[in-house]
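> Dumping the structure here so I can ask a few things about it.
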């Protein structure tokens, strides 16, 4: 269902359809969900007086088409540090400093969410991730610095941020100019790919040595558990849930939890799989030191290539090298 809405009535959360070609407006896509007041201001400055709004894709909370669901300020402060939003929209910050702040506060956000993964907290996190996605789409220099950030100490929070950023950047390169993929929702799926670990014994998650067979069986439950949490909270799209479910599947069928292979894997799951393995190899773990980016990619190519769809892996390598295919 689409309505024409005056720009003065636009609200964060509305899914807008720009009435002209993408070359004639300041956004990368013709259809997208508004995630900030800055986007609304861009539409006004560009001279538009009205735009179409798809109510079925908007976050509507009542019968008034102009009333759209927003996250209460007190909830944002509890789950999403106000410094994250400030860093994203601060145009005076140098790209390297901006990337460092975004990375730090994103890690805090994921930690807060995993401490209390309620529907409201998932919703707040999803909106904050949408702002990060917009920055990655609009600011190539800052997104490059975000990709290059590494941490000496591995934990689920920093890993989630690393994989989220790498996956969004790869999806951006693959799906650029396509309206068929909602990168805001995919970004949320990428950032929350390990959500199911909140229902795994943390002694197993944090064990410094090699896992026993029983412990490994327990760990392998986390994709299904994450999918279940998202289903219970009703806060994510089916495509996002697929990312959570499939990020440990492998192209040759040797992954888990379903052991699917090839084209049975969704492309979103394939993207997250590449980023997940890369970050696992290039981050310090309790049982082994991290590899350099070159060493990690070399092992992936020479010893693990059967795990990935080749063209996606090639795109990933080009992306890290700062080149386009």
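Every number here is computed from the coordinates shown, using simple stated rules; none is lab data. Treat the numbers as computed from the prediction; the structure is a model and nothing was measured. Positions of Cβ are generated from backbone atoms using ideal geometry, with glycine treated the same way; all protein chains shown enter the neighbour counts.
> Take 217, 104, 126 and order them by how many other Cβ atoms sit within 10 Å, fewest up front. Could the numbers behind the result be given before it?
Values: 217 11, 104 17, 126 23.
Final ranking by Cβ density, sparse to dense: 217, 104, 126.
> Residue separation times 0.36 nm, minus the C-alpha to C-alpha distance between residue 231 and residue 177: what's the value?
Working it through step by step, the gained length comes to 16.5 nm.
> Which angle from 0 to 90°, rounded to the nearest 10, does the C-alpha axis of helix 267-281 make with the longest principal axis of the chain?
Between the helix axis and the principal axis of the chain, the angle is about 50 degrees.
> Right, another one. Going by how many other Cβ atoms sit within 10 Å of their own, how do 234, 301 line up, fewest first?
Numbers: 234 9, 301 14.
Placing the least packed residue first, the sequence is 234, 301.
> Evaluate the Debye formula for the stretch 73-320 with equal point scatterers sitting on the alpha carbons, no solvent, and hand back log10 of I(q)/I(0) at q = 0.13, 0.14, 0.16, 0.17 Å⁻¹, in q order, two decimals.
Values, matching the q order: -0.77, -0.91, -1.24, -1.42.
> Give the average over all directions of the projected area of the C-alpha convex hull of the stretch 176-255, one decimal, in nm².
Here the figure is 6.8 nm², rounded to one decimal.
> If you don't mind, there's one more thing I want to ask. Please work out how much length the chain gains when fully extended from residue 111 to residue 149, using 0.36 nm per residue of separation minus the C-alpha to C-alpha distance, in nm with one decimal. Each step should come with its number before you reach the end.
Numbers: separation 38, 0.36 × 38 = 13.68 nm, distance 1.81 nm.
Gain on stretching residue 111 to residue 149: 11.9 nm.
> Right, another one. With springs connecting C-alpha atoms under 10 Å apart, model the chain as a Gaussian network and identify which of 223, 117, 19 has the largest mean-square fluctuation.
19
> Sticking to Cα atoms, compute the Rg of the stretch 2-54 to one decimal and its Dmax as the biggest Cα-Cα distance, whole number, in Å.
According to the Cα coordinates of the stretch 2-54, Rg and Dmax are 9.6, 24 Å.
> Please identify, among 182, 194, 115, the residue showing maximal mean-square fluctuation in a Gaussian network model of the chain using a 10 angstrom Cα cutoff.
115
> Tilt of helix 156-175 relative to the longest C-alpha principal axis of the chain, in degrees (0 to 90, nearest 10)?
Long axis of 156-175 versus the principal axis of the chain: about 60 degrees.
> Right, here's the next one. How many percent of all Cα-Cα pairs in the stretch 262-305 sit more than 15 Å apart?
When every Cα pair of the stretch 262-305 is considered, 48 percent fall beyond 15 Å.
> Which order do 103, 306, 266, 222 fall in if you start with the one that has the fewest other Cβ atoms within 10 Å?
So the ranking, lowest neighbour count to highest, is 306, 266, 103, 222.
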